[in-house]
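Here's the structure we're looking at; comments come further down.
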């Protein structure tokens, strides 16, 4: 199956959105989506890390693990790559880009345990993407994740002062709004499909 | 001794239930709950991984340097997840295919990491093992509950056996992503109402 990378890019933003159709990265999505500015920074950090880790994992998987028959070790290798990459990025921007560090720095440790990052690498292996497809998939997923968390933050700011049934406050209402967003995103499903 | 065991079990399954009390590990809770069978396998897999990771973390807790303990925990968890994955691939290939990457995503399930860090790091191995079983069971029960409603309404069946008959028009929305979000929200809502008295007496638990 040879799908155009451009199609994969747009599909992973709209029709196969990481949060709304694959439920990945929900933990930080629920916890951090209360303010547009913070969620935008987190989204950027996720996109950045996703783009690079997908690339690194692709190279490691196809040139080291698969030829040696060690494909079953991929969980350990992927999570180590992600953790190491995040650590590295944190050190580099702490040293050279101080402004950026204050914007993104606090989110970087959170990203290691963001299931979206590991999920994209695993999907890439399962769906057997080639090099360009993987890059498009990684970047598109990151942008899709950012799009939904920013939209969510916007909606949550709007409803901040509205009355919500007791017991549904906090995570409950966030999940319901996410459900409505997922419903809306089903409307995109006619455009492109990659599954 | 028995009292402590009992306390660990009730805390894990009910009072500190990972999903509706702490909102942890919901990624997979949403993704695999469209079929009862998938949820059961996922729940059992998570119980296995949590219990044995906690056991291992607890056994080596005195020898692990403090600053690299997160990395050690992640590696331990990954090792057990690989065991689960290989086991499923060998004996239940169709379920392994249906679960796809979500078996691997047990690694980033915050429940396991959370229990290892907060419980296994401070308690003896046997208690940690029990705690892992209990937390995993609490997670599995909620998964089954959500899957029960979703499969019943979405396919009209339970564990693949049709129960609602031909007259039932499948409510497709329930097996699509939005159904999962709504169901989980309802579960949280109900549980918050049940626990309302407790939290009002004892103050807000974080």
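The table that follows gives values for the structure above.
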| read-out | value |
| --- | --- |
| Residue within the stretch A:154-171 that is within 25 Å of residue B:108 (Cα to Cα), in contact (Cβ under 8 Å) with a residue 60 or more places away in the chain and within 11 Å of another protein chain (Cβ to nearest Cβ) present | yes |
| Pair list, Cβ under 8 Å, 6 or more apart: the stretch B:82-102 residue at positive phi, other residue part of a helix (DSSP H, G or I) and surrounded by fewer than 14 Cβ atoms within 10 Å (Cβ to Cβ) | B:100/A:126 |
| Of residues in the stretch A:63-72 being assigned to a helix (DSSP H, G or I) and surrounded by fewer than 17 Cβ atoms within 10 Å (Cβ to Cβ), the one nearest to the other protein chains (Cβ to nearest Cβ) | A:72 |
| Count of residues meeting criterion [more than 9 Å from chain A (Cβ to nearest Cβ) and closer than 21 Å to residue B:38 by Cα] in the stretch B:57-96 | 12 |
| Which listed residue is more than 15 Å from residue A:118 (Cβ to Cβ), within 13 Å of another protein chain (Cβ to nearest Cβ) and within 12 Å of the chain's Cα centre (by Cα), from A:17, A:22 | A:17 |
| Condition check for residue B:167: surrounded by fewer than 17 Cβ atoms within 10 Å (Cβ to Cβ) and either farther than 18 Å from residue B:44 by Cβ or touching a strand residue (DSSP E or B) at 6+ places or on another chain (Cβ under 6 Å) (or both) | yes |
| Single unsatisfied condition, residue B:152 versus (1) farther than 22 Å from residue A:30 by Cα; (2) at pLDDT below 85; (3) crowded, with 17+ Cβ neighbours inside 10 Å; (4) under 23 Å from the mean Cα position of the chain (by Cα) | (2) |
| Matching entry among B:56, B:10, B:33, B:64 (being surrounded by fewer than 24 Cβ atoms within 10 Å (Cβ to Cβ), outside any helix (DSSP H, G or I) and out of contact with any strand residue (DSSP E or B) (no Cβ under 9 Å at 6 or more places or on another chain)) | B:64 |
| Total residues in the stretch B:169-182, condition more than 9 Å from chain A (Cβ to nearest Cβ) and more than 15 Å from residue B:155 (Cα to Cα) | 0 |
| Whichever residue in the stretch A:3-56 is part of a loop (DSSP other than H, G, I, E, B) and without any contact (Cβ under 8 Å) to a residue 60 or more places away in the chain and, among such residues, is surrounded by the fewest Cβ atoms within 10 Å (Cβ to Cβ) | A:4 |
| The stretch A:78-91: number of residues that are under 24 Å from residue B:84 (Cβ atoms) and in contact with a helix residue (DSSP H, G or I) (Cβ under 6 Å, 6 or more places away or on another chain) | 5 |
| Only one of B:43, B:25 that is more than 10 Å from chain A (Cβ to nearest Cβ), in contact with a helix residue (DSSP H, G or I) (Cβ under 6 Å, 6 or more places away or on another chain) and under 19 Å from residue B:106 (Cβ atoms) | B:43 |
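The values are calculated or read from the model by the stated rules, or taken from the named source; none is laboratory data. Just so you know, these numbers come straight off a predicted model, no measurement behind them. Don't worry about glycine lacking a Cβ; one is built from the backbone with ideal geometry, like all the others, and counts go over all protein chains shown.
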